[in-house]
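The values are calculated or read from the model by the stated rules, or taken from the named source; none is laboratory data. All values derive from a computational prediction rather than experimental measurement. Using ideal geometry, Cβ is built from the backbone for each residue, glycine included, and neighbour counts are taken over all protein chains shown. These area figures cover heavy atoms from the full protein model, side chains too; ligands, DNA and RNA do not enter into them. Shrake-Rupley method; radii C 1.70, N 1.55, O 1.52, S 1.80 Å.
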Amino acid sequence: EYSATLDTLSYWLADPRFVQADTLKVRLAYSMTDAGRTMHQRADTLTLTKPRVRRPKGKRSREQLAADSLAAVKERQLGVQIRPTGALDIYALPSLEFSEPVLTLDSAGLHLEMKSDSLWVELPRPQLMPDTASALRKWQVVMTPEFGATYRLSLDSLAVTGIAGRMNPPARQEFTVKERDSYSALMLRLVPDTVQGFVEILNSGDNPVQRVRVENGVASFPWLAPADYYARFIADADSNMRFTPGNYELGRQPEDVFYYPGMLSMKRY
């Protein structure tokens, strides 16, 4: 599983022989250029050593033994987290995240309920879809949330099996969808209306909050939390909804980026 910035790689070992080994040797093969700017293959070998766990000496107390026993039980189970734990944005989806890549997933073990007065009403079983191509452990729950509604998402025990053979314990999480008046709306018109690309809304830390493709010269953000924002347009030549930097070898210029000159102070509906 690789990170969004492609600088971190997580690799799970499924073969028990590798899991139990104290040392692993990994061969990395990749392309690089030499001093003459000629591309060739190179390989490096990494030696990975398993850290030793030091167990405290002396007699263990009853509380320590109980904690060790509980930790051992959790180690044999597949960890699962249901998000969000609080409020859900109207444009977002709840998600399931497991402690290791999923081998099998029985969707019949997933239940979605909606609170009506003081009763829970079960809704049709939702569909699941992988969060991203790189996230082997994350799944989004496809649903159509309603403003201000409270939901409960449950996962039956043993519904999911991880790559190491672990199975999940039961999990349950309640969450409430934000009210309509929690949002503001923004529509940006670009000139000329034939431009191709996408617009990003940035917070005060210059981090993207939302991103939409420009359609007929318009970028629409109907659900923004009231705050101060900035905006930028990326001329997305390769239509991948990401900024593509330049490449000297290919003679490719970076994609053009244009910033809106002022701050956008958004208020509630």
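Does T144 qualify as being open to solvent by 30 Å² or more (accessible area, probe 1.4 Å) and among the polar types (S, T, N, Q)?
Against the criterion (open to solvent by 30 Å² or more (accessible area, probe 1.4 Å) and among the polar types (S, T, N, Q)), T144 qualifies.
The number of residues in the range 165-207 being under 21 Å from A4 (Cβ atoms), open to solvent by less than 70 Å² (accessible area, probe 1.4 Å) and not β-branched (V, I, T) comes to 6. For the range 165-181, a tally of residues being within 22 Å of E75 (Cα to Cα) and not in a loop (DSSP other than H, G, I, E, B) returns 4.
In the range 253-266, the count of residues that are among the hydrophobic types (A, V, I, L, M, F, W, C), open to solvent by less than 30 Å² (accessible area, probe 1.4 Å) and in a strand (DSSP E or B) is one or more.
Restricting the first member to the range 106-118 and to residues that are farther than 19 Å from R83 by Cα and modelled with pLDDT of 90 or more, and the second to residues that are among the polar types (S, T, N, Q) and open to solvent by 40 Å² or more (accessible area, probe 1.4 Å), no beta-carbon pair is closer than 8 Å while six or more apart or on different chains. With respect to E200, is the statement that it is over 30 Å from M241 (Cα atoms) and among the charged types (D, E, K, R) true? It is false that E200 is over 30 Å from M241 (Cα atoms) and among the charged types (D, E, K, R). Just one of the listed residues (V121, V141, V177, V160) is modelled with pLDDT of 90 or more and touching a helix residue (DSSP H, G or I) at 6+ places or on another chain (Cβ under 9 Å), and it is V160.
Looking only at the range 131-160, residues that are within 28 Å of Y11 (Cβ to Cβ) and within 20 Å of the chain's Cα centre (by Cα) come to 13 in all. For the range 212-248, give me the residue count where each residue is exposed (fewer than 13 other Cβ atoms within 10 Å of the Cβ), acidic (D, E) and in contact with a strand residue (DSSP E or B) (Cβ under 8 Å, 6 or more places away or on another chain). Looking only at that region, the number is 1. Against the list (1) under 22 Å from the mean Cα position of the chain (by Cα); (2) at pLDDT 95 or above, the condition A219 fails is (1).
So which strands (runs of 3 or more DSSP E) are wholly in the range 195-245 and hold at least 1 residues that are without any contact (Cβ under 8 Å) to a residue 60 or more places away in the chain, among the β-branched types (V, I, T) and under 20 Å from S184 (Cβ atoms)?
It comes to 198-202, 208-213, 218-224.
Counting residues in the range 128-138 that are modelled with pLDDT under 95 and of a type in the set (S, T, N, Q) gives one or more.
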